[in-house]
Amino acid sequence: MSKKTFYITTPIYYPSDKLHIGHSYTTVAADTTSRYKRLRGYDVMFLTGTDEHGQKIQRKAEEKGVTPKEYVDEIVNGIKDLWKLMKITNDKFIRTTDKYHEEVVQKIFKKLYDQGDIYKSEYEGWYCTPCESFWTKTQLIDGKCPDCGREVELTKEESYFFKLSKYQDRLIKHIEENPDFIQPISRRNEMLNNFLRPGLEDLAVSRTTFTWGVPVTFDDKHVVYVWIDALSNYITALGYMSENDDNYKNYWPADVHLVGKEIVRFHTIIWPAMLMALGEPLPKQIYGHGWLLLEGGKMSKSKGNVVDPVILIEKYGLDAIRYFLLREVPFGSDGVFSNEALINRINSDLANDLGNLVSRTVAMIDKYFGGVMPSEYQDGDFDEDLKGTVMGTSEKVEELLDKLQYNTALTEIWKTISRVNKYIDETMPWVLAKDEANNKRLAAVMYNLAESLRIISVLIQPFMPETPEKIWNQLGIAGNTGILDWDSSKVWGKYPGGTKVNKGDVIFPRIDIKKELEELEKMADKNAASKSEDVKADTKKTEDKNTAKPEDKKDAGDSGYITIDDFAKVDLRVAKVLEAEKVEGADKLLKLKLEMGDEIRQVVSGIAKHYSPDEMVGKYVILVANLKPVKLRGIESQGMILAASDDKSLVLAAIDKEIGSGSKVR
Ligand code: MSP
């Protein structure tokens, strides 16, 4: 009998210069589920990749003086390296610039055109030139661009349209009849109430204002709209409409598309409508997870958080990072990432609860039995309760992982770890060891600890690629695959008596939180200038959507967009630099004295590598005046000045004619 298949995808990533820890969230979750399903005997297809077309990429490449393909190639290699570092076990990596993908996107577009689901018309809308965005009249705020507040013009552009409206009723019916189709349930309601029931408009699916996209075969002025191109990846990767479509036949429909909440709408409206038009089955589920918010907030006492996944993995190890990502926050909700929360988790759950249990167990077997597990035991109090808890864990974990409830699945495993730790307190092996008559009882306690750890190590495999092996080495059972498969977690007594344990390194060293946070804060300050890159990575989403048509614009609030009112919260002012000096011991920082109207402000800025103190004096800069003051290198900074930066240079945002200091910038 052939194995049951399981097809899981992540979104395909925009090539952004620097991936932060939040970017790895969807991928780590998808990897965990893939590992879990493989352990349960499924034939898994796990797909990820990159979404490489669009105007922004074209522009960035032009700025750098390279071709768009050259520009994305380098970044995509970086993304692949990161997934390797994170031990992501994707079975396939698709790039939307892969030829086979582009060809099938063209075939899809042509098929939909030939059957009348795509038609040519004119797009009429209000155009904001600086933002390069189209808006419908109702989206304008006081007749102006809702993004930047500037004047808009009425324009017409030739465009192909997809008959999205035609599929509205079928889509509503499908969502209503299949409660699991959109998860969590709150996102399902949001899609129905905010988008589907109010009515869908046809979607503009081609562009003529740039060329970096998949050309429409029958009208080469047009390139295919990036979302049509990108969403198709889920089937082009399987060979859909190609000579060899075995994978498509084998794996489609997808079991789950994991996506961040801001792109649920594309996946639950445009994508199923496309599939309906193509006459193909719909994916079984789209799961919209929450965001990991990166900029601290209440939870974070230390200001600057290090969010570079490579640095974090180097410092704390891969498994600690993966554990944190999936443990800290329920998968459907938003949560805050802070270095402090990460270190607390490492210390309490990993070093104290699990790491200690491994070290203590092995050390006791070593001390009491010369490192070899005896074979004769005597049952006693607490044993039955312990065994029941440990053996009952896998069923709970399965139920939760089947529902993508990573954090509660981990909570269950850690409850069991606590139970095992409590068993040590209850049985008090050090007391038993005082009298030889207790030897068999002591042996039983050691056995129960080692056996519990064997089961726990099997259960953490989907989440942690490195730790199980370390535990097996210490327990002396590495390579003994017969007792380490998933189902062996349901059976008590597989750990072989007579096994020799190996005392090894502490698997999760404890971290001195105070010292570590100070160090991280310094690192974050040092990177103050380059930190704007991380922020850029997040705003990238917004930028890319700005190149899309109005259909994309409805979900301000939940999509990474801000409204003009949000923007108005930022108090931007012109300020004159009165004095500037280097900050001792910080080669990137300058301390500036600024005049802002009647007020004097002191600001520490990470520009010292690009501007000398002398050069700064007399300049007019743009100051974020209502930023909460912070201390950088012990010096208070009362705001932030704006600058643009790339890998090599940094330039200050300019005021191009004279204007009084204190003037508002908007
Ligand atoms: N290219 C589109 C997807 C097209 S799929 C046909 C895209 N790319 S993205 O690079 O912006 O995002 C990729 C994934 O990373 C999304 O699921 C997104 O939600 C996730 N994350 C990026 N930053 C994140 C956080 N800070 N927290 C959690 N996930 C976030 O969207």
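At-a-glance table
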read-out	value
Scan of segment 223-238 for residues that are more than 11 Å from the ligand (Cβ to nearest atom), part of a loop (DSSP other than H, G, I, E, B) and either within 27 Å of Gly199 (Cα to Cα) or free of Cβ contacts under 8 Å to residues at least 60 places away in the same chain (or both), ordered by number	Tyr225
The one condition in (1) surrounded by fewer than 19 Cβ atoms within 10 Å (Cβ to Cβ); (2) under 20 Å from Lys163 (Cβ atoms) that Thr211 fails to fulfil	(2)
Single residue of Glu262, Glu314, Glu243 found to be acidic (Asp, Glu) and in contact (Cβ under 8 Å) with a residue 24 or more places away in the chain	Glu262
Single unsatisfied condition, Ser206 versus (1) touching a residue at least 12 places away in the same chain (Cβ under 8 Å); (2) more than 30 Å from Glu62 (Cα to Cα)	(2)
Condition check for Phe218: within 16 Å of the ligand (Cβ to nearest atom), closer than 30 Å to Arg59 by Cβ and over 29 Å from the mean Cα position of the chain (by Cα)	no
Residue that is nearest to the ligand (Cβ to nearest atom), among those in segment 1-50 that are of a type in the set (S, T, N, Q) and within 30 Å of Asp646 (Cα to Cα)	Thr26
Test result for Lys69, away from the ligand (no atom under 16 Å from the Cβ) and within 23 Å of His101 (Cα to Cα)	yes
Condition broken by Met276, with the remaining ones in (1) among the hydrophobic types (A, V, I, L, M, F, W, C); (2) closer than 24 Å to Ser165 by Cα; (3) within 16 Å of the ligand (Cβ to nearest atom) satisfied	(3)
Pick from segment 239-263, criterion within 11 Å of the ligand (Cβ to nearest atom), modelled with pLDDT of 95 or more and of a type in the set (A, V, I, L, M), ranking: farthest from Thr32 (Cα to Cα)	Val259
Criterion (over 14 Å from Thr467 (Cβ atoms) and either modelled with pLDDT of 95 or more or within 19 Å of the chain's Cα centre (by Cα) (or both)) met by exactly one of Gly332, Gly355	Gly332
Count of residues meeting criterion [free of Cβ contacts under 8 Å to residues at least 60 places away in the same chain, more than 24 Å from Lys470 (Cα to Cα) and surrounded by 14 or more Cβ atoms within 10 Å (Cβ to Cβ)] in segment 359-395	1
Residue check, Lys60 surrounded by fewer than 23 Cβ atoms within 10 Å (Cβ to Cβ), within 15 Å of the ligand (Cβ to nearest atom) and assigned to a helix (DSSP H, G or I)	yes
Qualifying residue in segment 109-119 (condition: assigned to a strand (DSSP E or B), in contact with a strand residue (DSSP E or B) (Cβ under 6 Å, 6 or more places away or on another chain) and closer than 30 Å to His289 by Cα)	no
Options Ile75, Ile79; residue that is in a helix (DSSP H, G or I), out of contact with any helix residue (DSSP H, G or I) (no Cβ under 9 Å at 6 or more places or on another chain) and either under 20 Å from Val226 (Cβ atoms) or among the charged types (D, E, K, R) (or both)	Ile75
Single unsatisfied condition, His222 versus (1) in contact with a helix residue (DSSP H, G or I) (Cβ under 8 Å, 6 or more places away or on another chain); (2) at pLDDT 95 or above; (3) of a type outside the set (Val, Ile, Thr)	(1)
Tabulated pairs, segment 581-607, first on the phi > 0 side of the Ramachandran plot, second of a type in the set (Ser, Thr, Tyr) and surrounded by 14 or more Cβ atoms within 10 Å (Cβ to Cβ), C-beta under 9 angstrom, 6+ apart or interchain	Gly597/Ser661; Gly597/Ser663
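Conditions (1) over 32 Å from the mean Cα position of the chain (by Cα); (2) more than 24 Å from Thr411 (Cβ to Cβ), marked per residue:
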| site | (1), (2) |
| --- | --- |
| Asn438 | yes, yes |
| Ala444 | yes, yes |
| Asn448 | yes, no |
| Glu451 | yes, no |
| Leu459 | no, no |
| Trp472 | no, no |
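The values are calculated or read from the model by the stated rules, or taken from the named source; none is laboratory data. Just so you know, these numbers come straight off a predicted model, no measurement behind them. Glycine also receives a Cβ, built like all others from the backbone with ideal geometry; neighbour counts cover every protein chain displayed.
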